[in-house]
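Structure record follows, encoded as structure tokens.
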Amino acid sequence: MEVLNELFGREYLRRFPAIHRFLRIGLASHLIHLDTIAELLPERCALRNTALFTNPAVQELRKYVKIAFPWDNHYKYYADASGLPPHVLIMAEFKKQGKKIDALVPKIEEMLESHQMTGTVSVSQIRRIVESSPTIRNMSTVLAEVSARLQDQQRFSNAAAADEDNSMGRVGDQFDMFDHPDGHRRHFPPGYTLQNCKLQFMYQLWHCGDGTQRICPINDFTPRDRSVWSRRMNKSYSELKSLMESIDHAARNNNVATRARMTRADAQNCFLAGYSEINVKTTTPSGKVRDIAQLKWQSALRYRQKKV
């Protein structure tokens, strides 16, 4: 859900909860066919500049998307709709396995007694007896599956709770202050650095922040926040600020208004309206066309031409 908030804006999705399921299905379809889409899209297609292609969080979701064909056992990927809460089913499974263990104890004792009639039984022999039992092997498999289910349930519950908490706040209220070793609280955690990501994604971090890490927009960092940075880091910040303001200025010149607080959709519109006019060389030394939106922001700074 956090990725959908990044793509479409938290406020917009909160107003239309009925479409969340369809958006998830659409995003999954996009991720499954991403390689084919990338091959068929023209290199200069504006769609390549959207967060569907530039946001690292979207790419990270690819490993979780699976297809269940009609001939597959679809319960491997989707839980059966029994009407019972998941934790009830899991506890029932544990109880079932507990009964199997209780029933197994007399059988083990019987086997040990039969071996003891012919002589002493070593620890290694006992281990082999237990490990060779089909019931034990089956139980270990089932318990591993139950453990995986519990972990998945916990992960999904945490994600749902985070979505609910974030949906209740206004833009700017979903960010944290972080304690630092010098006793001050800052808008970013200790050890934070300006990541060298693609220009478009950095523009969103600059104006909208990082909702997944609960870090406010970089544009809101104060001088006290930046006082722990090195001279080189502060120089990078000043260069980044100049670059972001150039995109803002170009967007306003193209009649797209910037605001002090922007949603992801606002930032997307402003970026598309202004990124092509930031005075970056559009061709490489070999004569190839350079896609500015796909550049990392530090590369954009390096290729930026000085105004005469």
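Answer rounded, prolate or oblate for region 193-308, using the Cα gyration tensor with square roots of eigenvalues a ≥ b ≥ c: rounded when a/c is under 1.5, else prolate when a/b is larger than b/c, else oblate. Here region 193-308 falls in the oblate category. Between region 20-70 and region 251-289, the C-alpha centres lie 23 angstrom from each other.
Computed from the C-beta positions of Leu47 and Met177, the FRET efficiency with R₀ = 41 Å rounds to 0.65.
FRET efficiency for the Thr212 to Asp102 pair, using the beta carbon distance and R₀ = 51 Å, is estimated at 0.70. The calculated FRET efficiency for His33 paired with Ser286, based on their beta-carbon distance and R0 = 35 Å, is about 0.65.
Peptide packing: for 38-45, 54-61, the average count of neighbouring Cβ atoms within 10 Å per residue gives the ranking 54-61, 38-45, highest mean first. Protein heavy-atom surface of region 228-303, 1.4 angstrom probe: 46% of the accessible area is carbon and sulfur, with nucleic acids and ligands not counted.
Note on Tyr237 and Asn255: the extension gain reaches 3.8 nm, defined as 0.36 nm multiplied by sequence separation minus the Cα-Cα distance. Modelled label positions at Ser299 and Lys63, each set 7 Å beyond Cα in the direction of Cβ, lie 2.3 nm from each other.
The values are calculated or read from the model by the stated rules, or taken from the named source; none is laboratory data. Since we're looking at a predicted model, the values are computed, not measured. All Cβ positions, even for glycine, are placed from backbone atoms using ideal geometry, and neighbour counts span all protein chains on display. Keep in mind that these areas ignore ligands, DNA and RNA; they rest on the heavy atoms of the full protein, side chains included. Shrake-Rupley method; radii C 1.70, N 1.55, O 1.52, S 1.80 Å.
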